[in-house]
Amino acid sequence: MRPDKPPRWRMTLSYRGESGLKPASYEAADQDEVLDVFETDPNRDAVEFIDLVLLPRQPVAAPQPEQA
């Protein structure tokens, strides 16, 4: 994940049962990064399902006034 952008997507890869692999979850800043993560997964050929979730935006905290 890129440190300059907050995660906006969560991708969970579920693998076929015969592979013996447990599902893996990743967070990414944008769709291009999600695709890069999938394309570089060493077990990509065993993927059965891809679950993509758009994460809610985190509100920016308003600066608190200093108390004297």
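Sort out which residues of segment 1-47 are part of a loop (DSSP other than H, G, I, E, B), modelled with pLDDT under 95 and of a type in the set (D, E, K, R), and write them in order of number.
Result: Arg2, Asp4, Lys5, Arg8, Asp30, Asp41.
Out of segment 26-44, which residues are in contact with a Ser or Thr (Cβ under 9 Å, 6 or more places away or on another chain) and over 19 Å from Pro6 (Cα atoms)?
Within segment 26-44, Asn43 is the sole residue that qualifies.
The values are calculated or read from the model by the stated rules, or taken from the named source; none is laboratory data. Please read all numbers here as calculations on a predicted model, not as lab measurements. Positions of Cβ are generated from backbone atoms using ideal geometry, with glycine treated the same way; all protein chains shown enter the neighbour counts.
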